[in-house]
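Structure first, commentary second.
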Amino acid sequence: QVQLVESGGGLVQAGGSLRLSCQTSGRTFSNYNMGWFRQAPGKDREFVAASRASGVSQYYTDSVKGRFSISRDNAKNTVYLLMDNLNPEDTAVYYCAANLIGNRFRSADYDYWGQGTQVTVSS
């Protein structure tokens, strides 16, 4: 079992930045691929970014490329999502998730989820 707790969400003006953190516990963090997803009101949960267990490779959905950056600190069992140049379309609840194997872009392939943190971007 892996526990995940997100933090760092909040209200920010368009063009601003936030850094989300996801603290994990319970299993060997460095074995897990980590992903960030988001869900806006009335919309499906969508993939945002992912990091392979090794931390060597990162993946992003097109709408956040060049603005968001995923990173991980295996010593702290934590994955981060740095979000720059935010816009109102980024408003959503952001979730981190973990899996050992599976499609890194598909939420159904993740085994463990945090409770989510709200990000609101005002125009």
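Over all alpha-carbon pairs of the range 1-57, lay out the pair-distance distribution in 10 Å bins, whole %, shortest bin first.
Percent of pairs per bin, in order: 18, 45, 31, 7.
Taking 2.2 N^0.38 Å as the expected size of a compact globular protein, what ratio does the Cα radius of gyration of the chain give against it, to two decimals? If you can, show how the numbers build up before the last one.
On the way: Rg = 13.3 Å, N = 123, 2.2 N^0.38 = 13.7 Å.
Compared with the compact-globule rule of thumb, the chain sits at 0.97.
Based on Cβ point charges of +1 for Lys and Arg and -1 for Asp and Glu, what charge dipole magnitude is obtained for the chain about its Cα centre, in debye rounded to the nearest 20? Walk me through the numbers before you get to the answer.
Working: 12 positive and 10 negative charges, 49 e Å.
The dipole magnitude comes to about 240 debye.
I'd like to compare 55-63, 72-80, 90-98: which one has the highest average count of other Cβ atoms within 10 Å, and what's the full order after that? Mind showing how you got there, number by number?
Working: 55-63: 12.8, 72-80: 17.6, 90-98: 22.8.
For the peptides 55-63, 72-80, 90-98, the packing ranking is 90-98, 72-80, 55-63.
What accessible area per residue comes out for the chain, rounded to a whole number of Å², with a 1.4 Å probe? Please report the intermediate quantities before stating the final value.
Details: 6190 Å² over 123 residues.
In whole numbers, the chain has 50 Å² accessible per residue.
Beta carbons within 10 angstrom, averaged per residue: use that to sort the peptides 11-17, 36-42, highest first.
Numbers: 11-17: 12.7, 36-42: 16.3.
Highest-to-lowest ranking by the protection proxy: 36-42, 11-17.
Highest mean first, how do 103-113, 25-35 rank when packing is the count of other Cβ atoms within 10 Å averaged over residues?
On the way: 103-113: 15.1, 25-35: 18.1.
So the peptides 103-113, 25-35, ranked by packing, come out 25-35, 103-113.
Quick check: the distance between the Cα centres of the range 93-123 and the range 1-64, to the nearest angstrom?
6 Å
What does the extension gain come out to for residue 57 and residue 23, with contour length at 0.36 nm per residue minus their alpha carbon separation?
Extra length from residue 57 to residue 23 when fully extended: 10.3 nm.
I need the phi-derived Karplus couplings for the range 6-21: 6.51 cos²θ - 1.76 cosθ + 1.60, θ = phi - 60°, integer Hz, Gly and Pro marked x.
Whole-Hz 3J(HN,Hα) from phi for the range 6-21: 8, 7, x, x, x, 9, 9, 7, 3, x, x, 9, 9, 10, 8, 10.
Within a Cβ distance under 12 Å of residue 23, other residues only, what is the Lys/Arg minus Asp/Glu net charge?
Numbers: positive: 72, 76; negative: 6, 73.
So the surrounding residues net to 0.
The values are calculated or read from the model by the stated rules, or taken from the named source; none is laboratory data. Here the structure is a predicted model, which means the values were calculated and not measured. Here the Cβ is made from the backbone with ideal geometry for all residues, glycine too, and neighbour counts use every protein chain on show. Keep in mind that these areas ignore ligands, DNA and RNA; they rest on the heavy atoms of the full protein, side chains included. Shrake-Rupley method; radii C 1.70, N 1.55, O 1.52, S 1.80 Å.
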